[in-house]
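Q: Right, I'll just put the structure down here and ask away after.
Bear in mind that the values in this text are calculations on the coordinates, not laboratory data. The structure presented is a predicted model; accordingly, all values stated were derived computationally and were not measured. Backbone-built Cβ (ideal geometry, glycine too); neighbour counts: all protein chains shown.
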Amino acid sequence: MPRRGDDLDLGAALSVPPDRATDFMASVWAWMAGGVLISAAAAWSAAYLPAVSRALFTDQGLTGVGWMVTLAPLLIVLPLSASITRLSPAVAAMMFLSYAALVGLSLGGLVMAYSGHDLALALVCVAAGFGVMAALGAVTRIDLGGLGVFMTMSVVTLLLAMVANLFLRSSPLDLAICAMGALIFAGLTAFDVQRLRRLAAEGWNGAPRPAVMGGLTLYLDLLNLFLFALRLTGRRR
């Protein structure tokens, strides 16, 4: 998960001119929404277009191409996070949109594995939770920096628990991991929205790269919320 250093004073962030903060956040939300729509279209294509699904999946699992599509997002998101300030706006945008498309293709297997009802239920729950936490991050005057640090550290614990459960295969632990993951990324959503508002206080001048990175961050929060919620509420076919 990309994270960005934050040493701005909360009072300075909350005193940023409303128009500038609004313009910046509108740009961030537009990038996030674009990424979500691209991922949704790619996931639908992977699940329902026979030529695409045959190229990615078999009855035994992923094909060679499917493995490359699944692993490729890591080769994009890490360089994008590390070098965002050095990339041209066009390259940053292309990398983000490519990342969203590849993630969507890799999610095609989930679309096939769960019923439409389960997918819709997870989507409604996630949309409601994400909206509430984003609104909280946008309006609260409480500094959520401490929450962000705690949640970021909790991601490490979550990853270790997920790796351990690959060997233990414990259903109760898997349920606990899903619940923990949903809570962690809900908290990170509020923290990230507040942090992005602070970014406007740095003097954002309309350059697209910070907005692309902000869109990617919220996209990842939403994606992880959806994946954990789907595992909590849905049953595989």
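Q: So, R0 is 41 Å and r is the distance between the beta-carbons of residue 235 and residue 88; what FRET efficiency does that work out to, to 0.05? Provide the component values of the computation, followed by the final result.
A: Details: r = 45 Å, r/R0 = 1.11.
Efficiency, rounded to the nearest 0.05: 0.35.
Q: Calculate the dipole size of the range 15-233 relative to its Cα centre from +1 charges on Lys and Arg beta carbons and -1 charges on Asp and Glu beta carbons; express the result in debye to the nearest 20. The partial results should precede the final answer.
A: Working: 10 positive and 9 negative charges, 47 e Å.
The dipole of the range 15-233 has a size of about 220 debye.
Q: For Cα pairs less than 8 Å apart in space and 6+ apart in sequence, what is the mean separation divided by the residue count of the range 15-233, i.e. the relative contact order in percent?
A: So the answer I get is 34 percent.
Q: If you don't mind, there's one more thing I want to ask. Would you mind putting 45-51, 131-137, 56-62 in packing order, based on average other-beta-carbon counts within 10 Å, highest first? Numbers along the way, then the final one.
A: On the way: 45-51: 14.1, 131-137: 17.3, 56-62: 12.1.
Sorting 45-51, 131-137, 56-62 by mean packing, highest first, produces 131-137, 45-51, 56-62.
Q: Taking neighbour counts of Cβ atoms within 10 Å as a proxy for exposure, in what order, fewest first, do 217, 233 appear? Don't skip to the answer; put the middle values down first.
A: On the way: 217 25, 233 18.
Arranged by neighbour count, lowest to highest, 217, 233 become 233, 217.
Q: In what order do 139, 65 fall by count of nearby beta-carbon atoms within 10 Å, going from fewest to most?
A: Sorted ascending by nearby Cβ count, the order is 139, 65.
Q: Let me ask you something else. Would you mind computing, in nm to one decimal, how far apart the modelled labels at residue 183 and residue 81 are, each placed 7 Å from Cα along Cα→Cβ?
A: Rounded to a tenth, the inter-label distance reads 2.3 nm.
Q: Also, quick follow-up: Once you put a point 7 Å from the Cα of residue 67 and another 7 Å from the Cα of residue 167, both along the Cβ direction, what distance in nm separates them?
A: Here the answer is 2.2 nm between the modelled labels.
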